[in-house]
Amino acid sequence: MTFQQLSVAVEVAKCASFNQAAERLYMHQSNVSNIIKQLEDELGVQIFLRTKKGVSVTDDGQEFLSYAEEIIGKMNFVEDLYAVRNRCRKQYFAVSSMRAFFLSGPIVQLEKKIMEDCRHEPIYIRLKKQSFPDVLDDVQYCRSELGIVFLLKSNVKSLQQYSSIKNLDFFKLGESRISVVMREGHPALLKESMERITDYPYIIAEEKENFGRYYDDSSPAISRFFQNAPKCIISVNESAASQDIIAGTNGFFLSTTPWQHGQNYYFSSIPLNGEDDILSHYYVTRKNSTLSPLAELYIGELKKMFEYL
């Protein structure tokens, strides 16, 4: 199996046509057909159904194409990464975090320092919101210099186990409580009761859809909170969109900290009070690594943020 075969298969799926895919790839239609046939023979599965009306993807093809797109995406990332590094020389700084707030906050405070440094040498900064395992993978495989994660205080042993396996170091930033966030004037606030909160839409900001998960970390506290399943769940893969929904509806979401919102939003945060609602936050690095000056400054700003939580 080759990268060309993967690229051709993905293009055929996008176009739903061998002819259109061939045009976009600047190839003959017969070459595209032969490449797909060779790929299907090699895998032993049928990726596409060919009919007079066009091309459709089989169930096996859907699964294969999801992997193919992931591989192509990673290949493109590596090419772009090194193209940027060549232009920016050695200054490349990447952070992966489970929450966007921990990505943007330090950058806002460090903007002046960053722009001063740019006068001497260009820099490329990459901020990525990721799931817990993806943050650890990013740091392990050098895709990010820093990772920022959180777990329920009772589940910290799992971070110790992961860090040992992945050859990572982790350092505590602080603690917070899970908070329920909703707009000011929400009916639940007026009633001063969270008992029927799941009657209202529950908003989840997540990168990948997961029907069985209500929160990043399972716990007795979350189980109690969602004793009655939400009547409506709205999954959004962009955090700003989730804020817009909260501001304009009776929806709610769960936050890792008392909510930090912009001037145009008016939200209320109600912390959960159980002992098993406490979250521990950590930054993660490769074991025994020497951090860049910008990484050290970034960590300093993260620690300041936790002084006010």
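What to note about this one:
- Look at the alpha carbon pairs under 8 Å that are at least 6 residues apart: their mean separation over the length of the stretch 1-111 gives a relative contact order of 21 percent.
- Kirkwood-based Rg to Rh ratio, the stretch 1-133, C-alpha trace: 1.16
- Calculated on alpha-carbon atoms, Rg and Dmax of the chain in Å: 23.4, 68
- Relative contact order, percent, the chain [alpha-carbon distance under 8 Å, six or more residues apart]: 20 percent
- When you count the other C-beta atoms within 10 angstrom of each residue and take the mean per peptide, 142-148, 283-289, 56-62 line up highest first as 142-148, 283-289, 56-62.
- log₁₀ of I(q)/I(0) at q = 0.18, 0.33 Å⁻¹ - the stretch 158-197, Debye sum with one point per alpha carbon: -0.63, -1.08
- Nonlocal amide H pairs with A94, under 5 Å, H built at 1.01 Å: R126, E145, L146
- Diffusion of the stretch 95-177 by Stokes-Einstein, at 25 °C in a medium of 0.890 mPa s and with Rh set to the Kirkwood radius over alpha-carbon pairs, works out to 174 µm²/s.
- Taking every DSSP bridge with both residues inside the chain, close to 65 percent are antiparallel.
- Sorting the segments 128-140, 269-281 by their residues' average number of neighbouring beta-carbon atoms within 10 angstrom, most packed first, yields 128-140, 269-281.
- Over the stretch 128-254: Kirkwood hydrodynamic radius from C-alpha pairwise inverse distances, Å: 16.4 Å
- Calculated SAXS-style log₁₀ I(q)/I(0) at q = 0.16, 0.25 Å⁻¹ - the stretch 222-309, Debye, Cα scatterers: -0.93, -1.35
- Relative contact order (%) - criterion: Cα under 8 Å, at least six apart; region: the stretch 98-236: 21 percent
- Overall form of the stretch 1-70 per C-alpha gyration tensor (a/c, 1.5; a/b vs b/c): rounded
Values in this text are rule-based calculations from the coordinates and carry no lab data. This is a predicted model, so every value here is computed, not measured. Cβ: placed from backbone, ideal geometry, glycine included. Neighbour counts: every protein chain shown.
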